[in-house]
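J.: Pasting in a structure now, in structure tokens, and then I'll have a few things to ask.
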Amino acid sequence: MNAVGLEFFLSPLERILFLPSKTFHKMHNELQSIEQINNHVANQDAAILYFYSDNCAPCLSLRPKVIKLVENEFPKIKLAFVNGEKHPELRSIHHVFTNPTLILFFQGREYRRESKYISIPQLSKEIARPYNMMFEN
């Protein structure tokens, strides 16, 4: 059975994991150049860069959790996505060697970096203190 026939039997996640593809899906708020990344980080008091790949299962499962965390608990943080597979030069500039990687910036400076196995409760705790110091006064 060829890959096209196999697609019928696979879930969307299984298609991403098991079928070869170089199709890249643009995300909402996806940054595609170093200028966009620099502007995103420089023009926000707090920002997160989420480096991901379309063929990364942890990236797919973590993405909605991070979006929900930022929207519900840290609404003043601006979240943006970078497809490291599609733009490897952006990944290398920021020394991102694995997906997913989240880089948290406060006032243009890198504050925290989390990669691969990311705990949402732990991430929330890491963000809460500096976020509250900056925005709750």
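J.: Give the residues of the stretch 94-123 that are more than 17 Å from Ala47 (Cα to Cα) and hydrophobic (A, V, I, L, M, F, W, C), sorted by residue number.
T.: Passing the criteria: Phe97, Ile118.
J.: Which one is modelled with the lowest pLDDT among residues in the stretch 66-86 that are in contact with a Leu (Cβ under 9 Å, 6 or more places away or on another chain) and either of a type in the set (Gly, Ala, Ser) or over 17 Å from Arg113 (Cβ atoms) (or both)?
T.: The selected residue is Gly84.
J.: Can you tell me how many residues in the stretch 109-137 are exposed (fewer than 12 other Cβ atoms within 10 Å of the Cβ) and touching an Asp or Glu at 6+ places or on another chain (Cβ under 7 Å)?
T.: 0
J.: Here's something else I'd like to know. For the stretch 55-77, enumerate the residues that are over 14 Å from Thr98 (Cα atoms) and without any contact (Cβ under 8 Å) to a residue 40 or more places away in the chain.
T.: Residues satisfying the conditions are Ser61, Arg63, Pro64, Ile67, Lys68, Val70, Glu71, Asn72, Pro75.
J.: Can you tell me which residue among Leu31, Leu79, Leu104, Leu123 is in contact with a Phe, Trp or Tyr (Cβ under 6 Å, 6 or more places away or on another chain) and aliphatic (A, V, I, L, M)? Can you show your working first?
T.: Details: Leu31 fails: in contact with a Phe, Trp or Tyr (Cβ under 6 Å, 6 or more places away or on another chain); Leu79 fails: in contact with a Phe, Trp or Tyr (Cβ under 6 Å, 6 or more places away or on another chain); Leu123 fails: in contact with a Phe, Trp or Tyr (Cβ under 6 Å, 6 or more places away or on another chain).
Step by step, each of Leu31, Leu79, Leu104, Leu123 is checked, and only Leu104 is in contact with a Phe, Trp or Tyr (Cβ under 6 Å, 6 or more places away or on another chain) and aliphatic (A, V, I, L, M).
J.: Val82: touching a Gly at 6+ places or on another chain (Cβ under 7 Å) and not polar (S, T, N, Q), yes or no? Break it down stepwise before answering.
T.: Numbers: touching a Gly at 6+ places or on another chain (Cβ under 7 Å): no; not polar (S, T, N, Q): yes.
Against the criterion (touching a Gly at 6+ places or on another chain (Cβ under 7 Å) and not polar (S, T, N, Q)), Val82 does not qualify.
J.: From the residues in the stretch 53-108 that are surrounded by fewer than 15 Cβ atoms within 10 Å (Cβ to Cβ) and of a type in the set (A, V, I, L, M), which one is farthest from Met133 (Cα to Cα)?
T.: Out of the qualifying residues, it is Ala57.
J.: Go through (1) farther than 17 Å from Asn29 by Cα; (2) modelled with pLDDT of 95 or more and name the single condition Ala46 misses.
T.: Exception for Ala46: condition (1).
J.: In the stretch 94-113, what residues are in contact with a helix residue (DSSP H, G or I) (Cβ under 6 Å, 6 or more places away or on another chain) and not aromatic (Phe, Trp, Tyr)?
T.: Listed by number, the residues that qualify are Asn99, Pro100, Gly108, Arg112.
The values are calculated or read from the model by the stated rules, or taken from the named source; none is laboratory data. This is a predicted model, so every value here is computed, not measured. Because the Cβ atoms are built from the backbone with ideal geometry, glycine has one as well, and the counts that use them run over all protein chains shown.
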